[in-house]
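Structure first, then comments.
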Amino acid sequence: MFTGLSTPEDYFRAIKNHKWMIVIPIVVCVGLAALLCQWLPKSYRSNTLLYYQEQKVRGIKGVDAPESGGDANRPDLAMGTRIDALKEVLYRQDLLTQVAEEFHLYGYYKENATSAMDNSVASALRQLVKIESQGSGLLKVSFSDADPLIAKAVTARFADLFIQENTKSRTAIAQSSTEFLQHELDVLKGQLEIKERAIAQFKQSHLGQLPEQMDSNMRAIDRLENEMTAQQEMDKTLNLRLESVDKAIREYEDPSSDVSPKRAEKDPRLVKIRELERTLAGYRSMYKETYPDVARVKNELSQIQAMTTEEYIALYIEPEAAEIDGPKKPKRKPVDPYKSELLKQRDDLLREQELLRLRQARITSDIRKYESRIEGTTVHQQELMSIQRDYDNLQKNYQSLLEKKLTVGMAGDLETKRQGTQMRIVEPASLPTWPEKPNLIMVMLGGLAAGCALGFGSAIGIEMLRRGFVSAEEIEVTLGLPVFAVISHFESAWPGGAKLTAETARRKDRLLALPGGRKEGLLVANGGPLAERGQVSVGPELVAMWYPRSAVAEQYRVAATRIGLMAGQQESTVIVMASALMGEGKTSTALNLAHVFARDLNKKTVLVDCDLKRPMVHAYAGMELGVGLSEVLLGEKQFEECLEYHEQLGVWILPAGIIQSGIAALTHVDRLSKLISNLREKFECIVLDAPPLLPVAESLLIVRMADVVAQVIRARSTPRDAVMSAMKMVGQERAMGVILNGVEEQDSPYSYYSYGNKVYEPHRTQLR
């Protein structure tokens with residue numbers, strides 16, 4: 001459902017329009033609240049104030065003191081705990097019935113009371129007695145009753161009971177607490193001994209895997225890993241050395257390989273080869289290749305190159321040594337000293353590498369051992385922590401209970417010596433003079449609130465249930481269409497207001513009733529003058545002509561300007577004035593806009609009355625009904641024969657016609673279209689006063705001819721559903737906007753456009 005309330009101004013307007021609907025419920029509800037205060041039974045509450053005094057010996061907690069911590073020194077917490085405990089004592093049935101019997105409350109007597117009566121009396125007193133903390137060690141005890149004297153006496157009695165029970169309960173609590181704490185201490189001590197033995201046994205069973213040994217195990221692993229890294233570096237070095245020795249051996253044994261100078265010096269075969277090569281080179285420098293010595297040296301060089309070093313030694317060196325040493329020396333196996341050195345180096349490197357492998361295996365084994373210990377530590381840590389946590393909790397509880405026992409014992413001694421926490425009366429029970437119930441102020445405020453809610457709710461509800469639009473903002477938000485102008489009631493533009501308007505309207509009705517004749521100021525299309533038959537002028541609805549300086553006239557100019565902007569730069573613009581229903585002010589709006597287009601915007605304008613069923617243009621313009629649109633569409637007249645120029649308005653007018661069945665003429669779509677085309681050739685602005693959209697289906701034929709459709713809506717009157725239905729009929733093919741008509745002057749947001757309601761004398765003089 002649409003609502004007419006979208007801005008604060010809308011709410012203020014609703015309140016203003018329905019002020020009596022707001023005032024009356026407020027007055028009635030406040031009066032009913034006053035009567036209710038006189039009728040309701042009254043109850044009086046008496047109050048007494050007690051002072052909660054902490055123990056006189058400081059530094060010793062009482063039996064009800066909080067535990068250590070941030071709240072240990074807060075007396076309000078101790079009082080809260082104490083109040084809760086004392087409430088349970090004072091609310092005992094025996095104490096409550098005792099007080100009821102002392103003051104004969106509810107007609108109660110102990111010897112005649114039944115169990116059900118005891119329960120009922122006790123329950124009633126629990127509802128009436130209040131014990132409240134006031135802060136700073138103050139405690140308020142109160143009691144409510146219909147008799148203020150009884151309320152005072154009962155309150156004083158409850159205060160005495162409160163003090164007595166406080167002392168009794170504190171002493172009893174201290175004694176019972178001491179016995180209980182001692183029993184708990186004995187139990188905890190036995191549990192602590194069991195846990196101590198369990199911890200010792202666990203550490204003995206998992207030696208080396210305890211959490212405290214974790215760091216040493218980690219350090220051992222780090223040391224072994226560093227040692228393993230060093231061994232790996234040594235292994236790399238040995239491998240490089242071994243590869244170098246193996247390569248030297250392979251190169252030495254390869255006859256085709258290049259021989260280092262060191263090998264050449266130690267190898268006798270190579271020495272002999274170098275010697276023969278030098279000799280051969282010397283012979284070749286002096287002799288040819290066929291020389292016998294050259295051939296001999298070449299042959300010997302080839303033989304020796306084909307031998308190994310061992311063969312050369314066996315063939316040449318050892319025989320020579322045998323000749324020198326004699327026959328007694330044994331024959332020695334040929335030895336290559338350079339190769340022997342290389343083989344020895346390789347053997348030494350292999351032995352060193354084997355030792356290195358053994359050391360790495362030992363280090364790896366040690367690392368695994370320590371890792372296993374660490375894994376065991378992780379597994380057993382939770383078990384040890386659980387045992388240790390239980391032990392610590394037991395130890396903490398034991399110490400706490402031991403401290404409590406000592407504190408409670410000292411607190412009991414202080415209570416016995418009246419040095420503990422005490423209560424005393426600082427303000428005796430009061431005699432109430434003003435009833436607690438009913439609360440006169442709250443009842444009156446409730447009546448006022450109910451009246452306001454009912455009044456304002458009714459006013460706002462009525463506004464929300466209304467059917468019409470009120471403001472341009474509401475239309476733009478709800479319909480999504482631009483608002484060309486907001487037109488106030490035309491009476492607001494006239495001096496004298498409604499009285500002058502009524503007189504003018506009656507004068508117009510009399511003149512319109514005159515038979516025949518043309519009215520003053522009219523010219524036919526061919527320019528011939530008309531006979532004068534009375535001093536007749538246009539109606540009071542033509543505000544734009546009568547009072548051009550008024551706010552209403554200014555809004556017509558605003559509408560004309562916005563329509564022109566929407567139409568664009570066309571040589572000729574067709575504007576259809578439409579409305580959903582009758583009585584929206586469509587015809588008066590069309591006349592005023594046509595006058596503004598002609599006089600203020602200097603456009604050659606024609607106004608066509610297309611409402612053939614209920615034509616009103618001629619009446620508002622002060623014209624008699626003659627031939628017009630009906631005859632043109634039926635082919636009986638040419639439109640030039642029917643056009644009349646209204647000199648006062650400055651507008652050409654094509655009336656509806658005089659044929660009663662003229663509504664059927666609108667069905668001649670081709671003739672209507674041709675007429676609009678002819679008018680476009682002669683006029684810059686063509687204003688069509690169309691019939692209402694919803695009652696007259698032929699209105700759509702006129703809308704199709706439009707460049708701009710201006711839908712007139714009467715404020716607070718035109719139903720919203722009718723406006724929405726009319727919009728759907730028009731569709732979105734045509735440019736469309738809204739003129740909000742008949743707005744209350746105080747609701748118009750454009751009153752600042754007014755230049756004052758002074759009579760525009762030139763027009764006034766002309767129309768007299």
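The values are calculated or read from the model by the stated rules, or taken from the named source; none is laboratory data. These numbers were taken from a predicted model, which means no experiment stands behind them. Here the Cβ is made from the backbone with ideal geometry for all residues, glycine too, and neighbour counts use every protein chain on show.
Odds and ends about this structure:
- Subset of the stretch 474-496 that is among the acidic types (Asp, Glu) and at pLDDT below 85 - its residue that is nearest to ALA722 (Cα to Cα): GLU474
- In the stretch 272-305, the residue that is surrounded by the fewest Cβ atoms within 10 Å (Cβ to Cβ) out of those that are touching a residue at least 12 places away in the same chain (Cβ under 8 Å) and more than 17 Å from TYR316 (Cα to Cα) is GLU277.
- Listed by position, the helices (runs of 4 or more DSSP H) enclosed by the stretch 696-768 that each have at least 2 residues that are at pLDDT 85 or above and more than 44 Å from the chain's Cα centre (by Cα) are 699-703.
- Of all residues in the stretch 100-126, those satisfying the criterion of being under 15 Å from LEU90 (Cα atoms) and among the aliphatic types (A, V, I, L, M) are ALA100, VAL121, ALA122, ALA124, LEU125.
- Residue in the stretch 70-82 that is surrounded by 19 or more Cβ atoms within 10 Å (Cβ to Cβ), modelled with pLDDT under 70 and either out of contact with any Asp or Glu (no Cβ under 7 Å at 6 or more places or on another chain) or over 22 Å from ILE425 (Cα atoms) (or both) present: yes
- Flag if SER677 is within 42 Å of the chain's Cα centre (by Cα) and farther than 16 Å from LEU593 by Cβ: no
- Residue within the stretch 591-608 that is touching a helix residue (DSSP H, G or I) at 6+ places or on another chain (Cβ under 8 Å), assigned to a loop (DSSP other than H, G, I, E, B) and modelled with pLDDT under 90 present: no
- Positions within the stretch 578-602 being more than 18 Å from SER717 (Cα to Cα) and within 56 Å of the chain's Cα centre (by Cα), in sequence order: ALA590, LEU591, ASN592, LEU593, ALA594, HIS595, VAL596, PHE597, ASP600, LEU601
- Test result for LEU192, in contact (Cβ under 8 Å) with a residue 40 or more places away in the chain, closer than 27 Å to LYS404 by Cβ and crowded, with 17+ Cβ neighbours inside 10 Å: no
- Selection within the stretch 681-703 - under 13 Å from ALA580 (Cα atoms), of a type in the set (A, V, I, L, M, F, W, C) and buried (at least 24 other Cβ atoms within 10 Å of the Cβ): ALA690, LEU693
- Filter pass, LEU688 being at pLDDT 85 or above, part of a loop (DSSP other than H, G, I, E, B), out of contact with any Lys or Arg (no Cβ under 9 Å at 6 or more places or on another chain) and among the hydrophobic types (A, V, I, L, M, F, W, C): no
Quick grid of which residues meet (1) of a type outside the set (A, V, I, L, M, F, W, C); (2) part of a strand (DSSP E or B); (3) in contact with an Asp or Glu (Cβ under 9 Å, 6 or more places away or on another chain):
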position: LEU95; (1), (2), (3): no, no, yes
position: GLN98; (1), (2), (3): yes, no, no
position: TYR106; (1), (2), (3): yes, no, no
position: VAL141; (1), (2), (3): no, yes, yes
position: ALA156; (1), (2), (3): no, no, no
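- Matching option when the condition is more than 24 Å from THR561 (Cβ to Cβ), in the same structural domain as GLY539 (by TED's automatic domain parsing) and in a loop (DSSP other than H, G, I, E, B), among LEU612, LEU649: LEU612
- Among the residues of the stretch 615-642, those identified as within 21 Å of ARG714 (Cα to Cα) and either of a type in the set (Lys, Arg) or not in a loop (DSSP other than H, G, I, E, B) (or both) are VAL617, ALA619, TYR620.
- Any hit, the stretch 352-372, residues being surrounded by fewer than 15 Cβ atoms within 10 Å (Cβ to Cβ), touching a helix residue (DSSP H, G or I) at 6+ places or on another chain (Cβ under 8 Å) and modelled with pLDDT under 75: no
- In the stretch 1-43, the residues that are more than 17 Å from ALA453 (Cβ to Cβ), in a helix (DSSP H, G or I) and modelled with pLDDT of 80 or more: ALA34, LEU35
- The single condition among (1) of a type in the set (S, T, N, Q); (2) in contact with a Lys or Arg (Cβ under 9 Å, 6 or more places away or on another chain); (3) surrounded by fewer than 12 Cβ atoms within 10 Å (Cβ to Cβ) that GLN134 does not meet is (3).
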